[in-house]
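Visitor: Here it is, the structure in full.
The values are calculated or read from the model by the stated rules, or taken from the named source; none is laboratory data. These numbers come from a predicted model, not from an experiment. Methodologically, a virtual Cβ is constructed for each residue, glycine included, from the backbone with ideal geometry; neighbour enumeration extends over all protein chains shown.
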Amino acid sequence: MVDNIKRSLLVALWFVFLTFPLMVVKVNTLKSIVEWRWMNMLWVAIGAFALSLVWRWAMARRQLKSKKAEQGEDESVKAGFATRLMEDPKLYKPALIVIALATIVFPLVVDIYQTNIMVLALIFVVLGLGLNVTVGLAGLLDLGYVAFFAVGAYTYGVLNSFYGLGFWTCLPIGGLMGALFGIALGFPILRLRGDYLAIVTLGFGSIAKIVIENWEEVFNGAKGIAGIPRPGFFGAEMNITSATTYTYYLMILMVVFAIFITNRLKDSRIGRAWMALREDEIACVAMGVDMAKTKLGAYAFGAFWAGLAGVIFAARNTYINPNSFTFMESALVLSIVVMGGMGSIIGVIIAALVLILMPEYLRAFSEYRMLMFGAVMVLMMIFRPEGLIANVRRKYTGRKVTTEDANA
Amino acid sequence: MPETNNTLLEVKNLTMDFGGLRAVDAVSLSVSAGEIVALIGPNGAGKTTFFNCVTGIYKPTKGDVLVHPPEKKSQKINGFKSNRVTTIGMARTFQNIRLFQNMTVLENVMIGRHCRTTTNIVGAILRGKKTKRQERETVERSYELLEKVGLVDDADEFAKNLPYGAQRRLEIARAMATDPFLLLLDEPAAGMNPQETKDLDELIVRIRDTEKIAILLIEHDMKLVMNISDRIYVMEYGKEIAQGAPMDIRNNPKVIEAYLGEETDA
Ligand SMILES: Nc1ncnc2c1ncn2[C@@H]1O[C@H](COP(=O)(O)OP(=O)(O)O)[C@@H](O)[C@H]1O
Ligand SMILES: [Mg+2]
């Protein structure tokens, strides 16, 4: 401990020295004098000292943990609070009810601005859940996920402005178009892995944006498509407030729907094949799994959700242009998946809410958004590579049946 | 080896080149129903490459791989992808264990059932009667297999947490889950202690006798090979240098030379 404090003091001293010209000395060119801001020096020293201490403590804890794991003192003994919450019905049932009530009353107690932001956050929850299948379950890194989001949004935008098709017609079409593009783009990259896959998908994402920007006749180029109708409700007239509230509830339904479906897939023949493909492709194929079919299924399924989310995104904004579909969005969704914990549904939801809502509410942060993401990602990789909430594998019961059979 | 009615696998003059390197050179081999056949040879002889060609991981440069599945029509399978080979009924294990590390032991075996079940994405979402039945059967069959290899108590453990010997047995269970008529084992005893090797020996014989699965195995442990094999093929530098019953192989001067006489005296 004393050693830690000593070292942290040294670190603090070093930082003071490094930041001295920047933080302390200020040349006032108007009055031709030099200001000495000694207070800043104190702050830097205290900040560096505290950070260094925290860092050292965290690293020590981490080492202790891995040592314990090596000695066979299993993690299962001290299942984290989150895991307990999910497994014990006495805990998770009330929690679920509280969350459900909170989501229902949310738009009634806050103003339309908040609801609108929440809708955006929920759109990213759906995107996160979709990408979670492709990246988290099937292990196919996709840096161009935003392309499918754009496909959905522009499907609605174009079909509406050219043919006057409504939201409810375009929603399934958008999802299917996303899935179709997922398959079409999945084909050429079936054999790619790791870095190569990342580079090519990154390219797809950029290509999508460039095509949209330059194909004026269809996509209206950089000007974008305006006047996209919000979701309709049997032709009822709605003012902006009720339309937003309606979109919010719609989004909640969609999130529930997405959770339900991804959950079912996870614990199915298909979901297991996706995971096996992620774990070891050669072994997986050697065990009789059709690689092309399985991979394309994962791409299509992930892209399907992006397509759906895109349609709703277009309806929420009533206006879309290529700037909504940049690499930044792909990176954001990927961060959500990584931060939430590959393959973990609850983790992804929490991460999406945090990453979208935080910059909205803490305006000061929004300028440093990318910086924050970077820092968060690095810290995550060091301290919690399994994500906020690690994916818990399901336990199957069925042994009883076999032993009974054997006895009979 | 003349083709008999119950030949299962027939490989003719199989050759595999890696650039200028001929890893397997005109090797012929056959396995009949109810047999345990061993493929031995020094490291780098080309045994694993031979397996990879037969199971579709590599496409052989020359030669034919014919399978005669019981009660089904014969097929020439060179160039087939490995999932098709497995679906036809030949399953394998790997020399350098290739389990699905972050899946449970049971799930590893369940993957083996993939090619014998049919649920698609829509079916998995709707979870209808047929899906539920298949899922139940998959779980039951997987537990059954785990019981056979003695891993049932570790069913919910992650595969990566198993000790080495258990991982090898899990690979065998996973391969058996695909309902093969021929099991190809690549050095199943590598890294096992004598007791584990003895258990494995019994397990392999039991698989042949009670499950009616023929076995082709690569192995370095001469005691195991001599104990359980009906016939042995010997490879060196890609070529087949001998074949025959264990007794003949043990006394074959070429084989003794290949092994420098040090391992064959076991
Ligand atoms: N994918 C490959 N590319 C190039 N050479 C290979 C490849 N796989 C195996 N070899 C070479 O083929 C030879 C036989 O290897 P292998 O089949 O693994 O031998 P064994 O299993 O009998 O020990 C070795 O010389 C090895 O280096
Ligand atoms: Mg080998």
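Visitor: Checking B:Glu211 against (1) more than 16 Å from ligand 2 (Cβ to nearest atom); (2) surrounded by fewer than 22 Cβ atoms within 10 Å (Cβ to Cβ); (3) closer than 24 Å to B:Asp248 by Cα, which single condition isn't satisfied?
Guide: (3)
Visitor: Looking at (1) more than 20 Å from B:Ile241 (Cβ to Cβ); (2) outside any strand (DSSP E or B); (3) in contact with a helix residue (DSSP H, G or I) (Cβ under 8 Å, 6 or more places away or on another chain), which one does B:Leu9 not meet, given that it meets all the others?
Guide: Going through (1) more than 20 Å from B:Ile241 (Cβ to Cβ); (2) outside any strand (DSSP E or B); (3) in contact with a helix residue (DSSP H, G or I) (Cβ under 8 Å, 6 or more places away or on another chain) one by one, B:Leu9 breaks only (2).
Visitor: Every residue in the stretch A:153-207 that is aromatic (Phe, Trp, Tyr) and closer than 19 Å to A:Ile225 by Cβ, please. Please lay out each step first, then the result.
Guide: Residues of the stretch A:153-207 aromatic (Phe, Trp, Tyr): A:154, A:156, A:162-163, A:167-168, A:181, A:187, A:196, A:204.
Passing the criteria: A:Tyr154, A:Tyr156, A:Phe162, A:Tyr163, A:Phe167, A:Trp168, A:Phe181.
Visitor: Scan B:Glu236, B:Glu171, B:Glu240 and give me the residue that is modelled with pLDDT of 95 or more, within 16 Å of ligand 2 (Cβ to nearest atom) and either more than 12 Å from the chain's Cα centre (by Cα) or closer than 25 Å to B:Leu106 by Cα (or both).
Guide: It is B:Glu171.
Visitor: Test of understanding: among B:Phe50, B:Phe94, which residue is farther than 19 Å from B:Val234 by Cα, at pLDDT 95 or above, within 13 Å of ligand 1 (Cβ to nearest atom) and under 19 Å from the mean Cα position of the chain (by Cα)?
Guide: None of the others qualify; the one that does is B:Phe94.
Visitor: Report, by residue number, each residue of the stretch A:243-291 that is free of Cβ contacts under 8 Å to residues at least 60 places away in the same chain, out of contact with any Phe, Trp or Tyr (no Cβ under 9 Å at 6 or more places or on another chain) and of a type in the set (Ser, Thr, Tyr).
Guide: A:Ser268
Visitor: Checking the structure you have, find out if any residue of the stretch B:102-112 is part of a loop (DSSP other than H, G, I, E, B) and either at the interface with another protein chain (Cβ under 7 Å from one of its Cβ atoms) or under 25 Å from A:Ile259 (Cβ atoms) (or both).
Guide: yes
Visitor: Now a separate question. Tell me which residues, restricted to the stretch B:50-91, are within 11 Å of chain A (Cβ to nearest Cβ) and assigned to a helix (DSSP H, G or I).
Guide: B:Phe51, B:Asn52, B:Ser82, B:Asn83, B:Arg84, B:Val85, B:Thr86, B:Thr87, B:Ile88
Visitor: For residues in the stretch B:155-197 being assigned to a helix (DSSP H, G or I), of a type in the set (Gly, Ala, Ser) and surrounded by 23 or more Cβ atoms within 10 Å (Cβ to Cβ), which is nearest to ligand 1 (Cβ to nearest atom)?
Guide: Per the criteria, the residue is B:Ala175.
Visitor: Still on this structure: Counting residues that are under 20 Å from A:Asp142 (Cα atoms) and within 10 Å of another protein chain (Cβ to nearest Cβ), which helices (runs of 4 or more DSSP H) fully inside the stretch A:217-331 reach at least 2?
Guide: Fully inside the stretch A:217-331 and qualifying: A:240-266, A:269-279, A:291-317.
Visitor: Report whether or not A:Phe162 is buried (at least 22 other Cβ atoms within 10 Å of the Cβ) and either in the same structural domain as A:Ala236 (by TED's automatic domain parsing) or within 18 Å of A:Tyr299 (Cα to Cα) (or both).
Guide: Criteria not met by A:Phe162.
Visitor: Among the residues of the stretch A:345-360, are any more than 19 Å from A:Leu127 (Cα to Cα) and surrounded by fewer than 16 Cβ atoms within 10 Å (Cβ to Cβ)?
Guide: Looking through the stretch A:345-360, none of the residues is more than 19 Å from A:Leu127 (Cα to Cα) and surrounded by fewer than 16 Cβ atoms within 10 Å (Cβ to Cβ).
Visitor: A:Met118 - would you say it is surrounded by 22 or more Cβ atoms within 10 Å (Cβ to Cβ), closer than 21 Å to A:Pro231 by Cα, modelled with pLDDT of 90 or more and over 19 Å from the mean Cα position of the chain (by Cα)?
Guide: no
Visitor: Can I ask one more? With respect to B:Leu106, is the statement that it is closer than 25 Å to B:Ala190 by Cα and within 16 Å of ligand 2 (Cβ to nearest atom) true?
Guide: In short, no.
Visitor: Let me ask something additional. Would you check which residues across the stretch A:196-245 are aromatic (Phe, Trp, Tyr) and surrounded by 19 or more Cβ atoms within 10 Å (Cβ to Cβ) and list them?
Guide: A:Phe204, A:Phe219
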